[in-house]
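Have a look at the structure below, then the notes.
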Amino acid sequence: MTRPRYETDKDLQGEKEVADYLKEAHQLRCYKMPTSYRLDWIVFAPGAKLHGFMELKTRKVKMNKYPSLLLSLGKYAAGCNLARMTGSGFWVAARWTDTLGFCRVDDIIIDIDIGMGGRTDRGDKDDFEPVVHLPISEFKNFKDTL
């Protein structure tokens, strides 16, 4: 049995806005990945050169409300593995209510805190899972990270 998809039209619109920003400001093209890859996008630089992979998280709070951003350990592993296998990068983009930040997570040289976390409001037992706590301090302005 497959898991339900919780991605809404609003989520997809948010993804499109970030992808449009990356295209306009930095000439990067984002292509939606099949769900089997566990990540949102594969990203190409000008000349169709593979740039890497990206996951977008949208939060309904300001950036500094919490000290970390949760990312599924499965998504973290998938992104890091794809980046390593292809010689490219893996980024997490985060849209908070007050800013947009990016963090390259395949090469973080910090101790990553792994724990259990996730959502409990949907009644989906698989929403609570192993997670990586990405320190908010690691999220930078786009120019500093890509």
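Output the residue which, of all residues in segment 29-40 that are in contact (Cβ under 8 Å) with a residue 24 or more places away in the chain and not β-branched (V, I, T), is farthest from Q13 (Cα to Cα).
Y37
Filter segment 1-22 down to the residues that are of a type in the set (D, E) and surrounded by fewer than 17 Cβ atoms within 10 Å (Cβ to Cβ), then identify the one that is modelled with the lowest pLDDT. Here the residue is E7.
So which residues in segment 47-77 are aliphatic (A, V, I, L, M) and either loosely packed, with under 13 Cβ neighbours inside 10 Å or without any contact (Cβ under 8 Å) to a residue 24 or more places away in the chain (or both)?
Residues satisfying the conditions are A48, V61, A77.
Could you check, for segment 67-90, whether at least one of its residues is within 14 Å of I136 (Cα to Cα) and among the aromatic types (F, W, Y)?
So far as segment 67-90 goes, no, none of its residues is within 14 Å of I136 (Cα to Cα) and among the aromatic types (F, W, Y).
Give segment 99-116 a look and list any residue that's among the charged types (D, E, K, R) and either open to solvent by less than 30 Å² (accessible area, probe 1.4 Å) or modelled with pLDDT of 90 or more (or both), or say none. Hit for segment 99-116 is R104, nothing else. In a residue-by-residue description of segment 23-34, the property of being open to solvent by 50 Å² or more (accessible area, probe 1.4 Å), of a type outside the set (A, V, I, L, M) and on the phi > 0 side of the Ramachandran plot applies to at least one position. Listed by position, the strands (runs of 3 or more DSSP E) inside segment 1-70 whose residues that are of a type in the set (V, I, T) number at least 1 are 41-45, 49-58. Among the residues of segment 129-146 satisfying the criterion of being modelled with pLDDT of 85 or more and in a helix (DSSP H, G or I), which is surrounded by the fewest Cβ atoms within 10 Å (Cβ to Cβ)? Of everything passing the filter in segment 129-146, S137 is surrounded by the fewest Cβ atoms within 10 Å (Cβ to Cβ). Within segment 67-83, the set of residues being closer than 15 Å to R38 by Cβ and more than 14 Å from the chain's Cα centre (by Cα) comprises N81 only. Within this structure, C80 fails the test of being without any contact (Cβ under 8 Å) to a residue 60 or more places away in the chain, of a type outside the set (A, V, I, L, M) and outside any helix (DSSP H, G or I).
Would you point out the residue of segment 25-61, among those that are polar (S, T, N, Q) and over 19 Å from R95 (Cβ atoms), that is farthest from the chain's Cα centre (by Cα)? Here the answer is Q27.
Tell me whether segment 43-50 contains one or more residues that are over 24 Å from E7 (Cβ atoms), among the charged types (D, E, K, R) and modelled with pLDDT of 90 or more. For segment 43-50, residues over 24 Å from E7 (Cβ atoms), among the charged types (D, E, K, R) and modelled with pLDDT of 90 or more: present. When restricted to residues that are of a type outside the set (F, W, Y) and open to solvent by 80 Å² or more (accessible area, probe 1.4 Å), segment 35-46 contains 4.
The values are calculated or read from the model by the stated rules, or taken from the named source; none is laboratory data. These numbers were taken from a predicted model, which means no experiment stands behind them. Cβ atoms come from the backbone with ideal geometry, glycine included; neighbour counts cover every protein chain shown. What goes into the accessible areas is simple: the full protein's heavy atoms, side chains included, and nothing from ligands, DNA or RNA. Shrake-Rupley method; radii C 1.70, N 1.55, O 1.52, S 1.80 Å.
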